[in-house]
Amino acid sequence: MKKKVILLVATLGIFAILILGVRDIRRFTSSEPNFGDSKDGEAPVTVKFVSNPLPIPDFTVNDLDGKAISSRDWLGKVVLVNFWATWCPPCVAEIPDLIRMQDEYKDNLLIIGLSKDILPAADVKRFAMEHGINYPLAFSTPGIEAMFGGVVGLPTSFVVDTEGRIVQKHIGLRSPELYIAEIRALSDLPINAKIETFEDTGQIFLANAKNATELPGIDLTVLSTEQKETALRQLNEQSCTCGCGLTLAQCRINDTSCPVSLELAQHLVLGIQGANQSPSGN
């Protein structure tokens, strides 16, 4: 009898988890016609853009129909460069919202989907048709991803302003309200949002890691001001050996879970800390 009760409770628990998971995905794929509009009494969305944007890399790829897509042709529109894959559940979950955004803001927005699939183009094209995707799709390449500083998670979307500058990056699912607020802000459309700017220190462009004064998982407070400057310089000069092709500083920012860069960086800091310490008793 006890076993039956335990089994029943476990089954109900799994069922509840599944329901909550579906509900969580549905909140990103609302079918409401005016999704993204601010509701009365709700706090405005906060939109953040980098104060030191860099131009989008100059690249050209062919879409699934063989038509050239060039980043040089994007000036004048807000562009969302979306790295995705058919096998990525969060990527698929956000597709309906991307479709609606492209349709609703077609005069101001261009979404470009860069697929990391290894499927034949015909299969990805069939997937796109089945899901009603209304924006251009092409295959990503290691070269393109390197231009963007690497793509470590899916989906990853880069927000490009009307002047062709990357002003924000989002990894993982984001509420469509945030994307819409960004689109409207960059298109000079009326918006109920708080707009802020921040200096990028590697969160978006890994090249800006040299401006960082703190790194994930690395305690620099144990160093003097001079030692900290030395450590940061060396962390931006020495390469990580995990195979990422990045400096230690860039790897810590780009992949905070990397044990290799963590160990190497911590060892470097301890070495600098101990180098100038006087022997005990002197």
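All of the numbers you see were taken from the coordinates with simple rules; none came from a lab. These figures come from a predicted structure and were not determined experimentally. Glycine gets a Cβ as well: all are built from the backbone with ideal geometry, and neighbour counts include every protein chain shown.
Between Glu237 and Asp58, take the C-beta separation as r, use R0 = 25 Å, and let me know the FRET efficiency to the nearest 0.05.
Numbers: r = 27 Å, r/R0 = 1.10.
Step by step, r from the Cβ atoms, then E = 0.35.
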For this session: Of the options Leu75, Val45, Ala121, report the single residue whose Cα projects farthest towards the positive end of the charge dipole of the stretch 37-192 (beta-carbon charges: Lys, Arg +1; Asp, Glu -1).
Result: Ala121
Exercise. In the calculated pair distance distribution of the stretch 27-198, what percentage of Cα-Cα distances lie above 27 Å?
Worked result: 21
For this session: Report the relative contact order of the stretch 27-198, percent, no decimals, based on alpha-carbon pairs under 8 angstrom and at least 6 residues apart.
Result: 37
Seminar exercise, completed: The extension gain from Thr197 to Asp73, computed as 0.36 nm times the residue separation minus the Cα-Cα distance, is 42.0 nm
For this session: Go through the stretch 142-153 residue by residue and turn each phi into a ³J(HN,Hα) via Karplus (6.51, -1.76, 1.60, θ = phi - 60°); whole Hz please, and just put x for glycine and proline.
Result: x, x, 5, 4, 5, 4, 8, x, x, 10, 9, x
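Can you tell me how much longer the chain between His267 and Leu119 gets when fully stretched, taken as 0.36 nm per residue apart minus their C-alpha distance, in nm with one decimal? It would help to have the intermediate numbers written out before the result.
Details: separation 148, 0.36 × 148 = 53.28 nm, distance 4.24 nm.
Contour length minus Cα-Cα distance gives 49.0 nm.
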